[in-house]
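Values in this text are rule-based calculations from the coordinates and carry no lab data. Quantities reported herein were computed from a predicted structural model and do not represent experimental measurements. With ideal geometry, Cβ positions are generated from the backbone for all residues, glycine too; neighbour counts draw on all protein chains shown.
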Amino acid sequence: MPAVELSHISKSFGPVKAVDDVSFSIEKGELFGLLGPNGAGKTTSLRVMLDIFKPESGSVDILGGPMNESKKDHIGYMPEERGLYQDIPLDRCLAYLGSLKGLSPAVVKERAAVYLERFDLVAYKTKKVKELSKGMQQKAQVIATLLHQPELLIVDEPFGGLDPLNTQMVKELLLDQHQKGVTIILCSHQMHQVEELCDRIVLVDHGKVMLYGLLDDIRRQFSGHAVTVRTGDKIPALKGVERIEPVNGTVKLHLAPGTAPQEVLRSLVAQNVTLEQFEISMPTLDEIFIRVVQGEGAAA
């Protein structure tokens, strides 16, 4: 049984259809990527999922059925906009947010101590939240989201404002939760992070699902637009090649629409180019994202 299932969800705000017949499901224990450009409908989809917004049509099953108050204690939601109280010390803020999830002060103190140590925030726990740097507040927001040990974790742009070291800390924390069987929905603009962490994704744009499925399958679907070549020879002019790009000791040949990789291979061999490597380039998620949002890719 999926941990989350959205079926034909639609939601409008006045004349704007923020979510338009969106359907996707997330398996229990999965680390799932929810992607899309700004204004695509990602946050609205999350808020419909969490019963913050009521859809005009469609249905949502979450943790085995419709949302109810008791299920909210099993969900951790970290919004893109920080929700920490700015004028109180960090430890008091965590204690209060933990109490909203039914945790006793002793439990909050015990669990928070572990995370504060892990995120190098112990020395700052008595400082007011507003006195913390942007990155520290982001880490504190992650801690607040995890204190009650949620069964379903939803994180919207968790890497915002973090330097590479702290980004790695948050990634490792998400992977730890994933290994414990927590279902995680990762919403991020940082495609390389999604590519590294998630096996399946959904990409929404203008309120519609544009791509949905296994990331490897999606990358294969969009392959064939470039080939990678390694050779000691100079690459000659080739019919059907729009651009030649050196990449880490290899050469990436960007193909014109309708050009098959096999045609390029035959042309290279016919011109006596010695090939050490020739392979179809798998596109990055960044490249796929741009192509789909610009209208160059078909929905999967």
Subject >> Net charge dipole size for the stretch 49-90 [Lys, Arg +1 and Asp, Glu -1 on Cβ; Debye, nearest 20] >> reply: 80 debye
**OP:** Please order T259, T44 by the number of other Cβ within 10 Å, starting at the fewest.
**Re:** T259, T44
**OP:** Quote to one decimal, in nm, the extra length available between Q262 and I52 on full extension: 0.36 nm per residue of separation minus the C-alpha distance between them.
**Re:** 70.4 nm
**OP:** State, to one decimal in nm, how far the label point of E196 lies from the label point of T126, with both points 7 Å from Cα in the Cβ direction.
**Re:** 3.6 nm
Original post:
Once you put a point 7 Å from the Cα of D87 and another 7 Å from the Cα of S133, both along the Cβ direction, what distance in nm separates them?
Top reply: 2.7 nm
**OP:** Work out the length of the dipole vector of the chain about its Cα centre, built from +1 on the beta-carbon of each Lys and Arg and -1 on the beta-carbon of each Asp and Glu, and round it to the nearest 20 debye.
**Re:** 540 debye
**OP:** Please give every one of the aspartates and glutamates within straight-line cross-link reach of K234, meaning a C-alpha to C-alpha distance under 14 Å, and leave out same-chain neighbours fewer than 8 residues apart.
**Re:** E245, E276
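Counting other beta carbons within 10 Å of each residue's own, what order do I26, I52 fall into, fewest first?
I52, I26
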Original post:
For the chain, modelled as a Gaussian network with Cα springs under 10 Å, which listed residue fluctuates most, G213, G65, G14?
Top reply: G14
Original post:
Among the lysines, which have Cα under 26 Å from the Cα of K239 when same-chain residues fewer than 8 positions away are ignored?
Top reply: K252
Original post:
Which pairs in the list K11/K171; K54/K128; K71/K180 are over 27 Å apart, alpha-carbon to alpha-carbon?
Top reply: K11/K171; K54/K128
**OP:** At q = 0.27 Å⁻¹, what is the base-10 log of I(q)/I(0) for the stretch 84-149 according to the Debye formula with one equal point scatterer per Cα and no solvent? Please give it to two decimals.
**Re:** -1.26
Original post:
Among all helices in the chain defined by DSSP H, which have a length of 18 Å or more along the axis from Cα atoms plus a Kyte-Doolittle mean of at least -0.5?
Top reply: 105-118, 134-146
Original post:
Considering the dipole of the chain built from charges on the beta carbon (Lys and Arg +1, Asp and Glu -1) around the Cα centre, which of F222, I88, F119 is farthest to its positive end?
Top reply: I88
